[in-house]
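> This is the structure, below, for whatever I ask next.
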Amino acid sequence: MSVITFLRWTRRTCSRPVAVQFFQKRALSGADAITALRPFYFAVHPDFFGQHPREREVNENSLKRLNGYLENLQKPGVRSLKPTKLTFYVRETREKRDEILPSGFRAVSFTLSTKDVLSTVLDVLRSCSLSVEHMQGLESGGEPGGRPPGAGGAFYRPIRWDKTYYAFTGYRDPEQELEQAKRVEPTLSMWLRNNEAEATEKQRSSLPRREELKRLKTELCKKLGLTDIRWQRSWGVAHRCCQLQSLSRLSRQNPESLHNLRGHILVFTDQSGMNASGHVMLGTMDVHHHWAKLFERLPSYRTLLQQTEWLKERISQLLGGIQVIHIERRGPLVTLEEHYSSLSTFHKRLLPRRPALHPRSLQDLTMTLESDHSSIILHELGHFIVPTACDTHQLHTVLQSQAQEARRRIRRQEQLNAEEQELVGSCSAELSLDGLQKEAGVSTGQMIPCCRRLLEERPAQLQGLRLCVSHFYSVQQDGDLCIPWDWKG
């Protein structure tokens, strides 16, 4: 839409708000919600938090949960959803200027308990203190059929203005600013020259804390009979030490409550309970009383875990021996109760119409159950992603027709994993790194070319440092260097 056309249309509609004209044509859909939330996305988009990895991760996870909440609201038959607590770091920008303030963001937490898309959009904008002027008139809704009173000609199109609109009005184009933020990326050698000294100093300062963390972890694993202690988030060493010290105090104050932990893997995360993998989760915001209550309930959790394993075996028998697995992803962990519910629902769907599969024809393959998928997918890693409410006849057809391709992808991934492991070892040794790892969001296909290029370039500044392959540049609080896997040479 050119500026002249836009102005003519504005006069014809008697200066009615553009967004109102667009949204009131019909009930607020998912696409409408995205358009209405553009100021919010611009304020919290993770790509603007490249130098702040913790805040970036919080926003990424909260955006996933918000999008899932909006998607569930649009599903037919859904009347209400479980209240969802979200936390965002919201950028603050200077008016009429393009630069971002040096530390310009604030933390905002709120709980969604809305029952429709429109209320959710308004709640999000208001909670983040963002303008809702472009939503004027939507709260009262339009006439039946979605047509607003006094509307003129039929105007309906997504609001994606021509670049001349921003030049004429003086408004900033958020899409252009986002692209600029992505493009402003230095070369690896330049970034290392500017940040090597800071990383070296931070790593040197963190050595005592790292030794303390190692000591606490070994001591608690031995004392409590734990198989391992893990962290879901990339908390700093000092933060992890505080969590272990808190657990150590509980073990001294209330030792009888920790007997049930023996043989388990402990994961520090956002909520307490047991996850779908059978690991004990300790919510870092919970107090000792909540942890002690969880430890007392572990025997009942183990019973539920046994029932979960039984359901997996029954499903496997009904589907030619295919193994049901659970893959942990970034974001909130799936609880054991949620996993059991998905397995039980899927098992009940299989029983009336059992697929005619040979008992051991698929025993070398794997599948995961996903409640938020609508179609059966063969993942690039070789496992099938199966919706909980899938059609059993279609499942039978897909499993049989794509079994060979799944095996080929599994073999290919095994080769890539072996190559990645070899390259990581070569990089660590030849570049004299103190450590080399990757973030969960970096795939094997991204890690391999990154390591190859590092071996070719051999940056001298990396010697003795801890390197983490990520999607952005940053120096972590403990001296770890994060570099994007596709860094510029």
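> Of the conditions (1) aromatic (Phe, Trp, Tyr); (2) buried (at least 18 other Cβ atoms within 10 Å of the Cβ); (3) over 28 Å from the mean Cα position of the chain (by Cα), residue 310 satisfies every one except a single condition; which number is it?
Single failed check for residue 310: (2).
> Among the strands (runs of 3 or more DSSP E) confined wholly to the stretch 376-489, which include 2 or more residues that are out of contact with any helix residue (DSSP H, G or I) (no Cβ under 8 Å at 6 or more places or on another chain) and among the polar types (S, T, N, Q)?
Per the criteria, no element qualifies.
> Does residue 365 count as touching a helix residue (DSSP H, G or I) at 6+ places or on another chain (Cβ under 6 Å), touching a residue at least 40 places away in the same chain (Cβ under 8 Å), over 17 Å from residue 468 (Cα atoms) and buried (at least 16 other Cβ atoms within 10 Å of the Cβ)?
Answer is yes for this residue.
> Here's a follow-up. How many of the residues making up the stretch 421-439 are in contact (Cβ under 8 Å) with a residue 12 or more places away in the chain, touching a Gly at 6+ places or on another chain (Cβ under 8 Å) and among the small types (Gly, Ala, Ser)?
1
> Between a first residue in the stretch 466-482 that is in contact (Cβ under 8 Å) with a residue 12 or more places away in the chain and a second residue that is among the aromatic types (Phe, Trp, Tyr), which pairs have beta carbons less than 6 Å apart while being 6 or more apart in sequence or on different chains?
469/485; 473/191
> Restricting attention to the stretch 287-320, report how many residues are closer than 14 Å to residue 350 by Cα and either out of contact with any helix residue (DSSP H, G or I) (no Cβ under 9 Å at 6 or more places or on another chain) or in contact (Cβ under 8 Å) with a residue 40 or more places away in the chain (or both).
So in the stretch 287-320, the residues closer than 14 Å to residue 350 by Cα come out as 311-320.
Now restrict to residues that are either out of contact with any helix residue (DSSP H, G or I) (no Cβ under 9 Å at 6 or more places or on another chain) or in contact (Cβ under 8 Å) with a residue 40 or more places away in the chain (or both): 313, 316-317, 319-320.
Adding up the residues that qualify gives 5.
> Can you work out which of the residues in the stretch 26-59 that are surrounded by fewer than 18 Cβ atoms within 10 Å (Cβ to Cβ) and charged (D, E, K, R) is modelled with the lowest pLDDT?
26
> Of all residues in the stretch 454-478, which are over 22 Å from residue 49 (Cα atoms) and either among the polar types (S, T, N, Q) or surrounded by 17 or more Cβ atoms within 10 Å (Cβ to Cβ) (or both)?
454, 459, 461, 462, 463, 465
> Failed condition for residue 359, given (1) over 27 Å from residue 439 (Cβ atoms); (2) modelled with pLDDT under 85; (3) of a type outside the set (A, V, I, L, M, F, W, C); (4) under 26 Å from the mean Cα position of the chain (by Cα), with all others met?
Unmet for residue 359, out of (1) over 27 Å from residue 439 (Cβ atoms); (2) modelled with pLDDT under 85; (3) of a type outside the set (A, V, I, L, M, F, W, C); (4) under 26 Å from the mean Cα position of the chain (by Cα): (4).
> Could we say that residue 283 is touching a residue at least 12 places away in the same chain (Cβ under 8 Å) and on the phi > 0 side of the Ramachandran plot here? Talk me through it step by step, then tell me what you get.
On the way: touching a residue at least 12 places away in the same chain (Cβ under 8 Å): yes; on the phi > 0 side of the Ramachandran plot: no.
Judged against the criteria, residue 283 is not a match.
> Checking residue 267 against (1) free of Cβ contacts under 8 Å to residues at least 60 places away in the same chain; (2) under 29 Å from residue 433 (Cβ atoms); (3) not acidic (Asp, Glu), which test does it fail?
All conditions are met except number (1).
Each row is one residue, and each column tells you yes or no for (1) at pLDDT below 95; (2) closer than 30 Å to residue 253 by Cβ; (3) among the small types (Gly, Ala, Ser); (4) not in a helix (DSSP H, G or I).
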| residue | (1), (2), (3), (4) |
| --- | --- |
| 293 | yes, yes, no, no |
| 297 | yes, yes, no, no |
| 306 | no, no, no, no |
| 315 | yes, no, no, no |
| 328 | yes, no, no, yes |
| 331 | yes, no, yes, yes |
| 338 | yes, no, no, no |
| 341 | yes, no, yes, no |
| 345 | yes, no, no, no |
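> Inside the stretch 190-285, counting only strands (runs of 3 or more DSSP E) that do not spill past its ends, which hold 1 or more residues that are modelled with pLDDT under 95 and of a type in the set (Gly, Ala, Ser)?
Working: elements: 228-231, 265-269, 280-283.
By residue number, 280-283.
> Among all residue pairs at least 6 apart or on different chains, which show Cβ distances below 6 Å where the first residue, located in the stretch 186-207, is surrounded by 15 or more Cβ atoms within 10 Å (Cβ to Cβ) and the second is assigned to a strand (DSSP E or B) and at pLDDT 90 or above?
Correct list of pairs: 199/481.
> So, residue 416, is that one farther than 30 Å from residue 321 by Cα, modelled with pLDDT of 90 or more, surrounded by 15 or more Cβ atoms within 10 Å (Cβ to Cβ) and within 28 Å of the chain's Cα centre (by Cα) or not? It would help to see each step written out before you state the result.
Values: farther than 30 Å from residue 321 by Cα: no; modelled with pLDDT of 90 or more: yes; surrounded by 15 or more Cβ atoms within 10 Å (Cβ to Cβ): yes; within 28 Å of the chain's Cα centre (by Cα): yes.
In short, no.
> Also, quick follow-up: Given the structure, is residue 384 buried (at least 17 other Cβ atoms within 10 Å of the Cβ), in contact (Cβ under 8 Å) with a residue 60 or more places away in the chain and of a type in the set (Phe, Trp, Tyr)? Talk me through it step by step, then tell me what you get.
Values: buried (at least 17 other Cβ atoms within 10 Å of the Cβ): yes; in contact (Cβ under 8 Å) with a residue 60 or more places away in the chain: yes; of a type in the set (Phe, Trp, Tyr): yes.
Considered against the rule, which asks whether it is buried (at least 17 other Cβ atoms within 10 Å of the Cβ), in contact (Cβ under 8 Å) with a residue 60 or more places away in the chain and of a type in the set (Phe, Trp, Tyr), residue 384 comes out as yes.
> Which of the residues belonging to the stretch 110-129 are of a type outside the set (A, V, I, L, M, F, W, C) and either crowded, with 17+ Cβ neighbours inside 10 Å or closer than 15 Å to residue 65 by Cβ (or both)? Please lay out each step first, then the result.
Within the stretch 110-129, the subset of a type outside the set (A, V, I, L, M, F, W, C) is 111, 113-116, 119-120, 123, 126-127, 129.
Scanning the stretch 110-129 gives 111, 113, 114, 120, 123, 127.
> Taking the stretch 321-336, which residues are surrounded by 15 or more Cβ atoms within 10 Å (Cβ to Cβ) and touching a helix residue (DSSP H, G or I) at 6+ places or on another chain (Cβ under 9 Å)?
Applying the first criterion (surrounded by 15 or more Cβ atoms within 10 Å (Cβ to Cβ)) to the stretch 321-336 yields 321-324, 326, 331-336.
The answer is 322, 323, 324, 326, 331, 332, 334, 336.
> Could you tell me which residue of the stretch 65-111 is farthest from residue 46 (Cα to Cα), considering only residues that are at pLDDT below 80 and aliphatic (A, V, I, L, M)?
78
> Is at least one residue of the stretch 363-380 at pLDDT below 90, out of contact with any strand residue (DSSP E or B) (no Cβ under 8 Å at 6 or more places or on another chain) and of a type in the set (Ser, Thr, Tyr)?
Scanning the stretch 363-380, I find no residue that is at pLDDT below 90, out of contact with any strand residue (DSSP E or B) (no Cβ under 8 Å at 6 or more places or on another chain) and of a type in the set (Ser, Thr, Tyr), so the answer is no.
The values are calculated or read from the model by the stated rules, or taken from the named source; none is laboratory data. This is a predicted model, so every value here is computed, not measured. No Cβ is skipped: glycine too gets one built from the backbone with ideal geometry, and neighbour counts run over all protein chains shown.
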